[in-house]
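So the structure is just underneath, and the comments pick up after that.
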Amino acid sequence: MIQAVPERAPLFYSQKKVNYTLSILAPEHLMSDSHSVIIGLCNPKSPTNVGAVLRAAGCYQAGEVRYNGERFARAAKFSTDTKNRRLDIPLTQADDLLQDIPPDTQVVCIEFAEGAQPLPGFTHPDRAIYIFGPEDGSIPQQLVDRAHHVVYIPTIGCMNLAATVNVVLYDRLAKANLPIDHAERIATSRDINNRLVARPGSR
């Protein structure tokens with residue numbers, strides 16, 4: 001069952017406390033192209049990491065972040081979601097992370113699992129739900145068994161949850177070859193105090 005977190009629970013703190021009702025994003029509000037992304041978190045523990053995942057979801061235009069388990073809901077008081085991505089990205093609690101996903105969505109588990117495919121050689125599906133394990137554990141085997149792909153990042157040791165999500169979403173972006181107006185992207189994405197200009201060879 002997917003459910004919204006009750007409005008009475010103040011889940012995040014950015015510059016002021018906000019009562020925020022979480023909801024499922026309507027299909028028309030997902031990414032406009034076929035590269036639709038859902039992020040699934042298995043029983044996450046740290047509100048800081050979940051906040052950072054929400055920020056990554058906003059930066060890389062994921063459609064939704066969903067999670068299961070009770071630890072995050074109990075612990076969520078503060079967030080590093082400093083760009084207010086929670087206002088744009090639905091965060092939903094689900095008993096089954098794969099419930100009600102579109103039928104053409106492929107399940108991609110990101111985990112150090114025997115036989116997993118290394119991320120550098122992985123071709124991302126057009127529509128995907130990326131499943132990530134908790135900070136202090138792994139994705140349950142029964143969920144891995146339902147995956148279309150199991151992928152691992154060939155680091156020495158494991159990264160934390162938010163870093164792993166960022167790497168996977170960046171890899172997807174880097175391989176997508178999407179047309180980007182880079183001058184416009186820099187102008188609209190950088191901090192308002194950033195006036196840096198690249199002058200190669202000027203030293």
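We did not get these values from a lab; they are worked out from the coordinates using the rules stated. Here the structure is a predicted model, which is why all the values come from computation and not from measurement. All Cβ positions, even for glycine, are placed from backbone atoms using ideal geometry, and neighbour counts span all protein chains on display.
Figure legend. Inter-residue proximity from the range 44-67: first residues crowded, with 24+ Cβ neighbours inside 10 Å, second residues among the aromatic types (Phe, Trp, Tyr) and part of a helix (DSSP H, G or I), beta-carbon distance below 6 Å, spacing 6+ or different chains. Indicated pairs: 44/72; 50/72. The residue that is nearest to the chain's Cα centre (by Cα), counting only those in the range 112-124 that are more than 16 Å from residue 144 (Cβ to Cβ) and part of a loop (DSSP other than H, G, I, E, B), is 124.
Going through (1) out of contact with any Phe, Trp or Tyr (no Cβ under 7 Å at 6 or more places or on another chain); (2) without any contact (Cβ under 8 Å) to a residue 60 or more places away in the chain one by one, residue 101 falls short only on (2).
Among the helices (runs of 4 or more DSSP H) confined to the range 125-203, there are none with at least 2 residues that are surrounded by 17 or more Cβ atoms within 10 Å (Cβ to Cβ), of a type in the set (A, V, I, L, M) and in contact with a Lys or Arg (Cβ under 7 Å, 6 or more places away or on another chain). The residues of the range 109-124 that are surrounded by 20 or more Cβ atoms within 10 Å (Cβ to Cβ) and either out of contact with any Asp or Glu (no Cβ under 8 Å at 6 or more places or on another chain) or closer than 12 Å to residue 97 by Cα (or both), listed by number, are 109, 110, 111.
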